Amino acid sequence: MTQLPDVEVTAARPQNTTARLSRLAAGVSVILAACVSLTFVLVLLTRSAQRPEWHPWVLALSDPLMIAAFAAPGAVVAVRRSHNPVGWLLLATGCGMAVDNLARAYGLYALQHHLPGALLAVWMSTWAFVLVSYPIFFLLLLFPNGRQPSTTWRAAAWYTGVCAAIAFLVAAFMPGPPSDGYFPSSDNPLGVSALSFMRDLTGLVTIPLTLIPFLLSAASLIYRFRTSRRPVREQLKWVALSLWAAVALIGATLTVHGPLASIATGMATVIFSTGVMIAIVRHHLFDIDRLLSRSLLYTALTASAIGLYAGTVSILGLFIQGSVHGTASLLATGLVAVALQPLHRSLQRLISRLIYGLRDDPYTALATLGRQMEESTAPEQILPMAAVTLGEALRLSYVAIHLHSDTDSPTLSTARWGAEARDPLRLPLIHQGVEVGSLVVGARSPEEPFSAADLRLLRDAARHIAQAAAGVQLTLALLRSRQQLIATRAQERRRLGRQLHDGVNSALSEVVWGLQAARKWHRTDPERADALLDAGITRARQGIETVRGMSRGLRSPLDGIGLLEAIRIQIERFPLPVTADLLDELPELPAAVEEAAYWIVVEAMTNVLRHAQASRCELRLSIDEDALTVEVADDGRGLPTPLRLGVGVGSMRERAAEIGGTFQIRHRPDNGTEVVAYLPLTLPGIDTGGRRTPRSRP
């Protein structure tokens, strides 16, 4: 009872922390809104003041609205996901914009009316850009989960932080008026004359202090996209879409001068902020793949059409020399119209491959899959590599390859890629008519089911994977058989050692002791010596029986009678009629080959009796130059479709594979089932002596 309050306090502590952070974010948002409102009022009051050409008062009046629109998504993320630093960095960037604009607006108003704090506002306007740029760099480094992609990127974070500190020190203490054209008659109140040389090196300093941190942060997004799974990739696609829309908006206004271009730049930042908010809070809101593909397609198509038109007009203008008014424009329009349709198809194919992978290029997808499986040297890496290749090639959310097991468990998961999806598609992996496993795939998104093209490609890929899965399944079976053999050998060695120690060794020891005692008493007490000799003889016989029992346990059913006679005994015991086509005699075969052939015959005949519902059975042994062929057939109901291997069939396949043979189970042309095993006549390192030419038994 005394521990219950502690448990409740521990569970409630994260909720209290989240509530405090949410209230803090709301408070910062209120302060930022107050700064934006004050800036708006000050801009109205100073509309007659002298401003730089790039920032007239009308544009300065729209900046507070842009700042509010930019910071609002950051406030939403900070309130909804208070433990994620991305929202706080977005909110910090908005605060930096608000501080920068408020410093300029108040500086102009204070200088015009001789109010206190004017020089402080001038000084803050020199370095406020640091509060705008570097939080964005850190945001890109930590997006979307607030952690760096890996420990390697810590150096990039430290470098960005050092650059921010250096940029602040240089801008805050550089002498002279601010470099942005504001307050041309006011010098930096805290300027240090020793830093005067930095004014001539501003362009060079910008590269290591600003450009390199930006490139590092952008590279971290690319690295995170390549190393992350679907949920993170969906969030990164929202950022990519927002950046693409922002770049397209700025590019559309490159030829426009004046306030409209600056407003477009401000709107681009708002688009980026909104994209980050959707990526963090609700990245499943829309089908991002479709939005991104359409945006890329139409933007690229528009840019290509404009480029083709401008280039064609320029080239034709050189030849026509303006002799025919509008001829160049007319010809350029016709050429662009002709080239637009094939250009549209090419761009659509390129963007479809970027978004959807190799769905529309099945040959390349299957060739990539086959090449990756060929390059996998270790058998245990083949199916995981196939799952990764298939998932990345088709941009799937989930891929799993399950193999059917011969044991009690129905399936064995051997490869998995991506996060497990709801209602996945299951395709059987069939090799030589036998279902060896299943391919489980998840759609790209819940709103985008598999199309007919997807299903065709997945079925073709399943055929390739089935071949590899059959080999892997056989390899796993051989490994399992080898492990069982090693365990059985160790257990048998331990049993033999225990029997030799407890039985034979004990008997021989007692015989030795009895003989020594009889030797001592045979002259003085002959009767006692005879009793000791009788006991020794009895104990020796017990030891002999123990050795005989061990020998019988080590013997094969084929010992002393051979493979053919053992099979004939099995046929005589079989309750169904058997048509046997055997050989009169066999050549000298390795013991392992005879053992495998015998147990394959026994297991196949047992399966006929248990499962085939047959009226008769056929058995045939034959030998060619390379192999001993064992065939067992029946006239029963045949194999189920698709076939799933049981314990017996798996055991026969393993016995054949252990000695380098092959095994098949298939439908008979007329009716029933046929088992065929091809076993080698020789084994490496084993000499079977001379061979006698076999003759078929009539």
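Tell me, which helices (runs of 4 or more DSSP H) lie completely within region 172-274 with 1 or more residues that are among the charged types (D, E, K, R) and either surrounded by fewer than 18 Cβ atoms within 10 Å (Cβ to Cβ) or under 41 Å from the mean Cα position of the chain (by Cα) (or both)? Spell out how you get there, then give the answer.
Numbers: elements: 202-206, 212-227, 230-252.
Hits in region 172-274: 212-227, 230-252.
Six or more apart or on different chains, Cβ atoms under 7 Å: show the pairs whose first residue is in region 217-246 and in contact (Cβ under 8 Å) with a residue 24 or more places away in the chain and whose second is among the polar types (S, T, N, Q) and not in a helix (DSSP H, G or I).
Arg230/Ser397
Looking at region 4-35, which of the residues that are at pLDDT 85 or above and in contact with a Leu (Cβ under 8 Å, 6 or more places away or on another chain) is least open to solvent (accessible area, probe 1.4 Å)?
Leu32
Can you name the condition, by its number, that Leu485 falls short on among (1) at pLDDT 70 or above; (2) in a helix (DSSP H, G or I)?
(1)
Looking at this structure, is Thr524 in a loop (DSSP other than H, G, I, E, B) and at pLDDT 75 or above? Spell out how you get there, then give the answer.
Numbers: in a loop (DSSP other than H, G, I, E, B): yes; at pLDDT 75 or above: yes.
Criteria met by Thr524.
Name the strands (runs of 3 or more DSSP E) wholly within region 352-467 that hold at least 3 residues that are at pLDDT 75 or above and open to solvent by less than 40 Å² (accessible area, probe 1.4 Å)? Step through it out loud before you land on a result.
Working: elements: 398-404, 411-418, 425-431, 434-442.
So the answer is 398-404, 434-442.
Answer yes or no: is there a residue in region 81-94 that is of a type in the set (Val, Ile, Thr), over 15 Å from Ala34 (Cα atoms) and open to solvent by 40 Å² or more (accessible area, probe 1.4 Å).
Within region 81-94, the subset of a type in the set (Val, Ile, Thr) is 86, 93.
Within this subset, residues satisfying the condition of being over 15 Å from Ala34 (Cα atoms) are 86, 93.
Narrowing further to those that are open to solvent by 40 Å² or more (accessible area, probe 1.4 Å): none.
No, region 81-94 contains no residue that is of a type in the set (Val, Ile, Thr), over 15 Å from Ala34 (Cα atoms) and open to solvent by 40 Å² or more (accessible area, probe 1.4 Å).
May I ask you to list the residues in region 623-645 that are in contact with an Asp or Glu (Cβ under 7 Å, 6 or more places away or on another chain) and modelled with pLDDT under 80?
Pro642, Leu643, Arg644, Leu645
The values are calculated or read from the model by the stated rules, or taken from the named source; none is laboratory data. In this text the structure is predicted, and so the values were computed from the model without any measurement. So basically every Cβ, Gly included, is an ideal-geometry build from the backbone, and we count neighbours across all protein chains shown. Remember, those area values only see protein heavy atoms, side chains included, never the ligands or the DNA or RNA. Shrake-Rupley method; radii C 1.70, N 1.55, O 1.52, S 1.80 Å.
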